[in-house]
Amino acid sequence: MMVHLLIELRFNLSTAFHSTGNFRRWGVDKALARDAEGRQVIPATTVKGFLRERAEILLRAWGHAVCLGPEPANMCDGRTPCLVCQVFGNPRFPSPLHFADGVPLIEVSTTVRSGVAISRHRRAAYPQRLFFIETTEPMPTRWQAQCEGDFPDKNEAQKAAALIAMAARWGTAIGGGKTRGLGWIKDVRVKAVLNGAEIPEQDLVPIWQAWKEGKNVAEN
């Protein structure tokens, strides 16, 4: 019998944020992502990518073998997926979780910033590379995102919840322009609900503590 897992993330952004969407705005090269109602959002792909990246970094730092995304050739083949692919999926192994766009919990205003493209190799600005990017105002904002899906048993669902809670807790920034100081995260809260009952955090901490000690991770 399948079990249903719902994970809700609430977090504050202490700086301005940007994630490019399909919306076009006159005079702006990179406009913020918006939903069908014109509301600023953090795209589901950005939320998922942020969590996956942190999970990969932490597990690899603790000595576990996890695949190296996003190139499909460097990812698990689907027969013996690593822990990260078990939760987040890959082109050969669909994720059991569906991620939704992050939405603001307060009204968010925007501004347009100018910038110059920089050559990281030469450490100098490219000539004639001025661009304009839309961001949220440089003030704290509150957001909510969620994902949900079905798992074959309680243990697999708790393992997925622990991985996402761990990744969210150690995340530092989300979205584009992180090296320019955009999207800094603080005060992350994760609520995991299994078949309608909330999973206490004390049930998740021992799972990632075991991973930190090099235990209980499926190797690819």
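State all residues of segment 15-28 that are assigned to a loop (DSSP other than H, G, I, E, B) and either surrounded by 16 or more Cβ atoms within 10 Å (Cβ to Cβ) or of a type in the set (A, V, I, L, M) (or both); if no residue qualifies, say none.
15, 16, 17, 18, 19, 21, 28
Within segment 65-114, which residues are closer than 20 Å to residue 54 by Cα and of a type in the set (Asp, Glu)?
Those that are closer than 20 Å to residue 54 by Cα and of a type in the set (Asp, Glu): 71, 101.
Does residue 10 count as touching a residue at least 40 places away in the same chain (Cβ under 8 Å), farther than 24 Å from residue 114 by Cβ and under 13 Å from the mean Cα position of the chain (by Cα)?
yes
Can you name the residue in segment 153-172 that is free of Cβ contacts under 8 Å to residues at least 40 places away in the same chain and under 23 Å from residue 101 (Cβ atoms) and, of all such residues, is surrounded by the most Cβ atoms within 10 Å (Cβ to Cβ)?
Filtering segment 153-172 for residues that are free of Cβ contacts under 8 Å to residues at least 40 places away in the same chain and under 23 Å from residue 101 (Cβ atoms), the one surrounded by the most Cβ atoms within 10 Å (Cβ to Cβ) comes out as 169.
Which count do you get for residues in segment 29-63 that are modelled with pLDDT of 90 or more, crowded, with 17+ Cβ neighbours inside 10 Å and in a loop (DSSP other than H, G, I, E, B)?
Total meeting the criteria: 3.
Among the candidates 39, 34, 92, 54, which residue alone is of a type in the set (D, E, K, R), touching a residue at least 40 places away in the same chain (Cβ under 8 Å) and either touching a Pro at 6+ places or on another chain (Cβ under 9 Å) or over 22 Å from residue 156 (Cα atoms) (or both)?
So the residue among 39, 34, 92, 54 that is of a type in the set (D, E, K, R), touching a residue at least 40 places away in the same chain (Cβ under 8 Å) and either touching a Pro at 6+ places or on another chain (Cβ under 9 Å) or over 22 Å from residue 156 (Cα atoms) (or both) is 39.
Yes or no: residue 13 within 18 Å of residue 183 (Cβ to Cβ) and in contact with a helix residue (DSSP H, G or I) (Cβ under 8 Å, 6 or more places away or on another chain)?
No, not satisfied.
I need a count of the residues in segment 1-14 that are assigned to a loop (DSSP other than H, G, I, E, B) and either closer than 16 Å to residue 109 by Cα or touching a Cys at 6+ places or on another chain (Cβ under 9 Å) (or both).
1
So, residue 46, is that one more than 20 Å from the chain's Cα centre (by Cα) and touching a residue at least 60 places away in the same chain (Cβ under 8 Å) or not?
It is false that residue 46 is more than 20 Å from the chain's Cα centre (by Cα) and touching a residue at least 60 places away in the same chain (Cβ under 8 Å).
Kindly indicate whether residue 167 is within 17 Å of residue 58 (Cβ to Cβ), out of contact with any strand residue (DSSP E or B) (no Cβ under 7 Å at 6 or more places or on another chain) and assigned to a helix (DSSP H, G or I).
Considered against the rule, which asks whether it is within 17 Å of residue 58 (Cβ to Cβ), out of contact with any strand residue (DSSP E or B) (no Cβ under 7 Å at 6 or more places or on another chain) and assigned to a helix (DSSP H, G or I), residue 167 comes out as yes.
The values are calculated or read from the model by the stated rules, or taken from the named source; none is laboratory data. Quick caveat, the model's predicted, so the values are computed rather than measured. As a convention, Cβ positions derive from the backbone with ideal geometry for all residues, glycine included, and neighbour counts pool all protein chains shown.
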